[in-house]
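Here's the structure we're looking at; comments come further down.
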Amino acid sequence: MPARPRTYLDWNATALLAPEARTAMLAALGLSGNPSSVHGEGRAVRALIDAARRDVAGLVGADPAHVIFTSGATEAASMVLTPDFRMGRTPLSIGRLYVSAIEHPAVREGGRFDKEQVIEIPVTAAGIVDLAALEALLDAHDAESGLPMVAVMLANNETGIIQPVRAAGEIVHKRGGLFVVDAVQAAGRLPLSISDLGADFLFLSAHKLGGPKGAGALVSRGEVLMPKPLIRGGGQEKGHRSGTENAAAIAGFGAVARAAADGLEARTARIRALRDHLEARMAALAGDVIIHGRAVERLSNTTFFSLPGLKSETGQIAFDLEGIAVSAGSACSSGKVGASHVLTAMGFDAALGGLRASLGPTTTEADVDRFLDAFARIAGRRRQGTAAA
Ligand code: PLP
């Protein structure tokens, strides 16, 4: 008997490759010029990169001249989170980096800042960045050290909870700081505009919206105030990011950025209906399930839940054996599951495991039903205080 196809509910870890990305990448692989070469072969690849730049700029309402392609969001974060900026030709120093307690490690690690220059902004029990705490931290900022920089994500990767980014940006700008937004999980799921967000910089990752892994972008509001390059060399990307561009990956990124706005509302509504059904059934099947962030604004595709007595890794393995891919807390690259820093920041016991099911454009009702069947078995088998599942 052929193996039953698996059910993929881990779109926040990475989205399945979209057909338009595959097509664009295969076409780009057929071109072999170096985009920095002035001959026809080079110009053909340059044209493809410039078209993708326009598409990525369009995704976030930015000027294409303000898009720098990178190897992903982690590199973009490392580029922008630095004490060394230039205002035109004049060096400008950033004294401290303030990051919300629920940021992705790409931001929480502080980029090129020393550990002691990185200060955490707490979140409320509801999982939302505490704006009063941000104000207090910035009021206590030592201006002698340099300007403050603040990084707050638009949507959290674990809970999907949407953060009050615009209000945070106003607080930061009132105090003369720089404001950076991680828009990785929001891209393709919410309408985005860099100016509406009030961000000086935002960054994106292609693979979260159906593009290839290993492509991303740092997008800036202007061109005058820029971070010191992270990678120096041949001066590609106007000197901000040297190295021959990964043209095929950039073309795939452009294709999904272009497609993202098409039918966004209908797609989101369909996914939200599936997710809401999934959550309502989970609550009916296991009365003690804790669904995080249910009362606040969240991404429509994400559900992050805890089943008391079930460890994250045990739950993840149990779903995997049922043929379903879900995520357990924050998976390190080693595959080991650590305690969720997001749940800890929200005030939960570090021992409470979290499991995340995240849906995508091709998720079906049958996928959700299969998940719920497995959920009923796994919830029924667990023993309070033991890992049995
Ligand atoms: N920021 C968020 C919110 C993410 O979810 C991720 C991916 O896991 C990243 C940053 C890092 O992105 P990349 O894989 O492109 O380095």
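Answer with yes or no whether Ala51 is out of contact with any Gly (no Cβ under 7 Å at 6 or more places or on another chain), more than 16 Å from the ligand (Cβ to nearest atom) and either without any contact (Cβ under 8 Å) to a residue 12 or more places away in the chain or in the same structural domain as Arg241 (by TED's automatic domain parsing) (or both).
no
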Segments classed as strands (runs of 3 or more DSSP E), wholly inside region 114-203, with at least 3 members that are within 19 Å of the chain's Cα centre (by Cα) | 147-153, 178-182
Yes/no for Gly210 being within 15 Å of the ligand (Cβ to nearest atom), over 21 Å from Met149 (Cα atoms) and at pLDDT 95 or above | yes
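A quick yes/no check of all residues on (1) surrounded by fewer than 21 Cβ atoms within 10 Å (Cβ to Cβ); (2) away from the ligand (no atom under 16 Å from the Cβ):
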residue	(1), (2)
Ala140	yes, yes
Glu158	no, no
Ile161	no, no
Pro164	yes, yes
Ala183	no, no
Leu190	yes, no
Ile194	no, yes
Filter region 280-310 for residues that are buried (at least 22 other Cβ atoms within 10 Å of the Cβ) and farther than 26 Å from Ile162 by Cβ and give the result.
-> Leu310
Which residue out of Ala21, Ala57, Ala28, Ala15 is within 16 Å of the ligand (Cβ to nearest atom), in contact with a helix residue (DSSP H, G or I) (Cβ under 9 Å, 6 or more places away or on another chain) and in a helix (DSSP H, G or I)?
-> Ala21
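I need a count of the residues in region 73-84 that are over 12 Å from Arg241 (Cα atoms) and within 15 Å of the ligand (Cβ to nearest atom). Talk me through it step by step, then tell me what you get.
Within region 73-84, the subset over 12 Å from Arg241 (Cα atoms) is 73-74, 77, 81-84.
Cutting the leftovers down to within 15 Å of the ligand (Cβ to nearest atom) gives us 73-74, 77, 81.
Matching residues across region 73-84 total 4.
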Provide a single number: the residues in region 31-48 that are aliphatic (A, V, I, L, M) and either in contact with a Phe, Trp or Tyr (Cβ under 7 Å, 6 or more places away or on another chain) or outside any loop (DSSP other than H, G, I, E, B) (or both).
-> 4
Determine whether region 142-155 contains at least one residue that is buried (at least 24 other Cβ atoms within 10 Å of the Cβ), closer than 23 Å to Arg298 by Cβ and touching a Pro at 6+ places or on another chain (Cβ under 9 Å).
-> yes
Checked against (1) of a type in the set (D, E, K, R); (2) in contact with an Asp or Glu (Cβ under 8 Å, 6 or more places away or on another chain); (3) not in a strand (DSSP E or B), Arg96 satisfies every condition except (3)
If only one of Glu313, Glu223 is at pLDDT below 95, among the acidic types (Asp, Glu) and crowded, with 17+ Cβ neighbours inside 10 Å, which one is it?
-> Glu313
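The values are calculated or read from the model by the stated rules, or taken from the named source; none is laboratory data. Owing to the predicted nature of the structure, the values given are computational and were not obtained by experimental measurement. Cβ coordinates were reconstructed from backbone atoms using ideal geometry, including for glycine residues, and neighbour counts include every protein chain displayed.
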